[in-house]
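The values are calculated or read from the model by the stated rules, or taken from the named source; none is laboratory data. Bear in mind that the values here come from a model prediction, so they are computed numbers and not experimental data. All Cβ positions, even for glycine, are placed from backbone atoms using ideal geometry, and neighbour counts span all protein chains on display. Just the protein is used for accessible areas: all its heavy atoms, side chains included, with ligands, DNA and RNA removed. Shrake-Rupley method; radii C 1.70, N 1.55, O 1.52, S 1.80 Å.
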Amino acid sequence: MKYDFDTIIDRKNTSSVKWDYFDTQLPMWVADMDFKVAPEIIEALTKRVHHGIFGYAVIPDEYFNSYINWWDNRHDLKMKKENLLFSVGVMPSISSIIRALTEENDCILIQTPVYHIFFKVILDNNRKVIENKLVYDGKRYSIDFADLEDKLSNENVTMMLLCNPHNPVGKTWNKKELEEIAFLCKKYDVILISDEIHCDLVDPGNKYIALESIVTDNDKIITCLAPTKTFNIAGIQSSVIHVKNRQLYDIIQNRLEIDDSSHINVFSIVATITAFNHCEKWLNQLNEYVYQNKLLVDDFLKKELSIVELVPSNATYLLWLDCSKIKFKSKELAEYINQTTGLLLSPGVQFGENGDNFLRLNIACPKEMLLDGLNRFKEAITSIE
């Protein structure tokens with residue numbers, strides 16, 4: 001079956017964060033996709049709707065088994081049901097984990113530029129942000145491991161948040177990098193939380209490595225997983241936390257219950273099970289389509305707008321654009337582009353001060369829409385020049 005990723009769907013006036021939160025013509029910022037979900041999910045949800053009763057739900061074994069089988073078959077990660085906890089979402093999970101396992105004024109390490117909610121979830125819980133800034137050589141990002149060890153050795157640093165694959169730079173961390181991160185966290189007794197929500201959104205021929213599939217000697221690793229980014233069902237809240245350490249499991253479970261984040265809804269059950277059990281072919285075609293969009297952007301910039309460079313990536317549908325040759329800070333640049341053309345991109349400074357020369361572009365949309373966005377982008381940048 002060939003799935004349709006070309007049809008443009010009107011999402012205005014649907015209470016969409018992406019399309020209705022800001023008054024803008026073409027939003028290409030927040031990380032959800034402008035594709036219809038797999039028809040298998042629509043069919044399963046329709047069947048559930050026709051049942052007509054949507055009361056309180058319990059989590060069936062099939063829900064957890066769908067995660068277990070997916071990560072075993074696709075990512076070589078062996079999980080057990082007794083190590084999984086349901087939560088309404090990855091960031092609510094991380095927020096609860098922070099409250100459960102750290103104290104106020106503890107320091108939590110992140111690798112910037114990184115998903116801006118990492119900052120928010122730390123600061124909102126009265127913890128302090130410590131940055132291990134990624135190194136950008138003008139083409140690619142890497143980890144400064146000397147700096148990472150120096151920061152982790154600080155006794156006030158009690159937790160690290162890892163983004164794997166990394167948002168916004170679109171990088172999958174390799175085996176050596178992941179092993180070194182886990183080794184250093186264990187050496188300094190730092191709890192390691194791995195947000196792997198973008199794990200299935202990788203370029204064809206590339207592979208994400210699940211941290212816990214290669215690191216087995218550190219029981220203070222906690223992994224947050226979800227189908228929501230992969231299958232474009234973020235509005236149907238669903239995620240799990242994988243915790244092998246029984247003591248940590250019990251503490252986090254209690255915290256989730258206190259935070260009221262552990263109660264599932266009937267549509268989450270159906271959408272998750274259907275996605276993992278029946279939608280792999282849809283995902284494979286999606287990744288190919290997004291990869292072709294990435295090639296389109298790269299070609300467009302080289303031919304039409306060489307002042308902007310695409311940072312090479314191999315994961316996510318979010319592109320990191322190097323705008324350092326333009327004499328605007330990212331927030332001012334994003335505002336100018338939106339005001340002049342109606343195109344809305346994410347300013348890089350949201351992801352950390354070292355992201356201020358960049359913009360983030362969401363390319364999970366039909367090609368026609370992407371070309372519209374690129375032409376608007378060129379119009380705005382050309383008018384600056």
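From the list Arg140, Arg127, the lone residue that is in contact with a helix residue (DSSP H, G or I) (Cβ under 8 Å, 6 or more places away or on another chain), of a type in the set (D, E, K, R) and either closer than 20 Å to Asp259 by Cα or in contact (Cβ under 8 Å) with a residue 40 or more places away in the chain (or both) is Arg127. Looking across the range 273-302 at every residue that is in contact with a helix residue (DSSP H, G or I) (Cβ under 6 Å, 6 or more places away or on another chain) and among the β-branched types (Val, Ile, Thr), the one that is farthest from Asp61 (Cα to Cα) is identified as Thr274. Across the range 287-302, a minimum of one residue is classified as under 19 Å from the mean Cα position of the chain (by Cα) and surrounded by fewer than 17 Cβ atoms within 10 Å (Cβ to Cβ). What are the residues in the range 333-385 that are in contact with a Gly (Cβ under 8 Å, 6 or more places away or on another chain), open to solvent by 10 Å² or more (accessible area, probe 1.4 Å) and in a helix (DSSP H, G or I), if any? The answer is Val349, Arg376. You will find that of Leu123, Leu77, the residue that is among the aliphatic types (A, V, I, L, M), modelled with pLDDT of 95 or more and within 22 Å of Asp219 (Cα to Cα) is Leu77 and no other.
The residue of the range 237-269 that is farthest from Leu77 (Cα to Cα), among those that are of a type in the set (A, V, I, L, M, F, W, C) and buried (at least 21 other Cβ atoms within 10 Å of the Cβ), is Leu256. Determine whether the range 253-264 contains at least one residue that is among the hydrophobic types (A, V, I, L, M, F, W, C) and either in a helix (DSSP H, G or I) or in contact with a Lys or Arg (Cβ under 7 Å, 6 or more places away or on another chain) (or both). So far as the range 253-264 goes, yes, one or more of its residues are among the hydrophobic types (A, V, I, L, M, F, W, C) and either in a helix (DSSP H, G or I) or in contact with a Lys or Arg (Cβ under 7 Å, 6 or more places away or on another chain) (or both). For the range 281-295, state whether one or more residues are within 27 Å of Thr316 (Cα to Cα) and in a loop (DSSP other than H, G, I, E, B). Looking for residues that are within 27 Å of Thr316 (Cα to Cα) and in a loop (DSSP other than H, G, I, E, B), one finds none in the range 281-295, hence no. For the range 221-235, a residue qualifies if it is in contact with a Leu (Cβ under 8 Å, 6 or more places away or on another chain) and under 17 Å from Pro92 (Cβ atoms), and the qualifying residues are Ile222, Thr223, Lys229. A single entry from Val215, Val157 fulfils the requirement of being more than 19 Å from the chain's Cα centre (by Cα) and either farther than 21 Å from Arg74 by Cβ or of a type outside the set (Val, Ile, Thr) (or both): Val157.
Can you say whether Leu319 is at pLDDT 95 or above, part of a strand (DSSP E or B), of a type in the set (A, V, I, L, M, F, W, C) and touching a helix residue (DSSP H, G or I) at 6+ places or on another chain (Cβ under 9 Å), as far as the supplied structure shows?
yes
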